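Colleague: Handing you a structure now.
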Amino acid sequence: MKKQRGFTLVELMIVVVLIGIVAVIGIPNLTSVVRANQVTTQANGLVSAMQLARTEAIRRGVPVSACPSSDGVACGGTWNDGWIVALDSNNSGAVAATEVIQAGGGASAPIAVAQTAGTGYVRFMGNGLRDPGIAGNQVFRVTFTSCGAGDAREVVVRAGGRVEATTGDC
């Protein structure tokens, strides 16, 4: 007579309990990883827009601005609504939308994008430098509404045109 092989009910119950314990420990960690990735993605989108504005200013040899836009056509609204990269034909930062190069961004709740230092727009001159009329760095914070340690991202646009993103606390 052949001996039957398999798992007993007790062995299966022990495995199910162990899987449950691992899930209870792991799910909160997974949630924080997803939140951090959402904030990082939004910050990287803002960095990409700033780098595109600088690149286009150098390529075209004319001022190009990035500004908040709620409609993707003209400047207006908050950075949380979205932004556009466009030629700054009147050299004012309030882009006349003569040519929108890119529209995008926009944070969906519960992520917030806010400018904490500088003017309401970022303008790069034809030589790639940020507008010399704006003193200091232009700083943006991207956060989760229930922000914790290390959950914030700062996007800094320096006077020399360099754009960088760093991790910070709320």
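Colleague: Which members of segment 108-129 meet the condition of being buried (at least 18 other Cβ atoms within 10 Å of the Cβ) and touching a residue at least 60 places away in the same chain (Cβ under 8 Å)?
Modeller: 111, 113, 122, 123, 124, 125
Colleague: Can you go through 43, 66, 36 and tell me which one is on the phi < 0 side of the Ramachandran plot, in contact with a Lys or Arg (Cβ under 7 Å, 6 or more places away or on another chain), touching a residue at least 40 places away in the same chain (Cβ under 8 Å) and among the small types (Gly, Ala, Ser)?
Modeller: When all the criteria are applied, what remains is 43.
Colleague: Now for a separate question. Spot the failing condition for residue 24; the list is (1) in a helix (DSSP H, G or I); (2) at pLDDT 85 or above, and only one is missed.
Modeller: Among (1) in a helix (DSSP H, G or I); (2) at pLDDT 85 or above, the lone unmet condition for residue 24 is (2).
Colleague: Which one of these is among the aliphatic types (A, V, I, L, M), out of contact with any helix residue (DSSP H, G or I) (no Cβ under 6 Å at 6 or more places or on another chain) and within 18 Å of residue 160 (Cβ to Cβ): 100, 39, 62, 139? Please lay out each step first, then the result.
Modeller: Numbers: 100 fails: within 18 Å of residue 160 (Cβ to Cβ); 39 fails: within 18 Å of residue 160 (Cβ to Cβ); 62 fails: within 18 Å of residue 160 (Cβ to Cβ).
Checking each option against the conditions leaves just 139.
Colleague: In segment 112-170, what count of residues is obtained for those that are among the aliphatic types (A, V, I, L, M), at pLDDT 85 or above and part of a loop (DSSP other than H, G, I, E, B)?
Modeller: Here the count works out to 3.
Colleague: Could I ask something else about it? Can you spot a residue in segment 61-69 that is β-branched (Val, Ile, Thr) and part of a loop (DSSP other than H, G, I, E, B)? Before you say what the answer is, go through the steps one by one.
Modeller: Step one: filter segment 61-69 for residues β-branched (Val, Ile, Thr), giving 62, 64.
Next cut, part of a loop (DSSP other than H, G, I, E, B) only: 62.
Within segment 61-69, one or more residues are β-branched (Val, Ile, Thr) and part of a loop (DSSP other than H, G, I, E, B).
Colleague: Quick check on residue 107: is it touching a Cys at 6+ places or on another chain (Cβ under 9 Å), at negative phi, in a loop (DSSP other than H, G, I, E, B) and small (Gly, Ala, Ser)? Please lay out each step first, then the result.
Modeller: Values: touching a Cys at 6+ places or on another chain (Cβ under 9 Å): no; at negative phi: yes; in a loop (DSSP other than H, G, I, E, B): yes; small (Gly, Ala, Ser): yes.
The answer is no for residue 107.
Colleague: Looking for whichever is in a loop (DSSP other than H, G, I, E, B), farther than 18 Å from residue 134 by Cβ and not small (Gly, Ala, Ser) here; the options are 80, 29. Which one fits?
Modeller: Going through 80, 29 in turn, just one is in a loop (DSSP other than H, G, I, E, B), farther than 18 Å from residue 134 by Cβ and not small (Gly, Ala, Ser): 80.
Colleague: Surrounded by fewer than 20 Cβ atoms within 10 Å (Cβ to Cβ) and without any contact (Cβ under 8 Å) to a residue 12 or more places away in the chain, is that true of residue 158? Don't jump to the end; show me each part of the working.
Modeller: On the way: surrounded by fewer than 20 Cβ atoms within 10 Å (Cβ to Cβ): yes; without any contact (Cβ under 8 Å) to a residue 12 or more places away in the chain: no.
When the stated conditions are applied, residue 158 does not pass them.
Colleague: Among the candidates 37, 44, 80, single out the residue that is exposed (fewer than 11 other Cβ atoms within 10 Å of the Cβ) and either within 26 Å of residue 116 (Cβ to Cβ) or touching a Phe, Trp or Tyr at 6+ places or on another chain (Cβ under 7 Å) (or both).
Modeller: Going through 37, 44, 80 in turn, just one is exposed (fewer than 11 other Cβ atoms within 10 Å of the Cβ) and either within 26 Å of residue 116 (Cβ to Cβ) or touching a Phe, Trp or Tyr at 6+ places or on another chain (Cβ under 7 Å) (or both): 37.
The values are calculated or read from the model by the stated rules, or taken from the named source; none is laboratory data. Everything numeric here is computed off the predicted structure, so don't read it as measured data. Methodologically, a virtual Cβ is constructed for each residue, glycine included, from the backbone with ideal geometry; neighbour enumeration extends over all protein chains shown.
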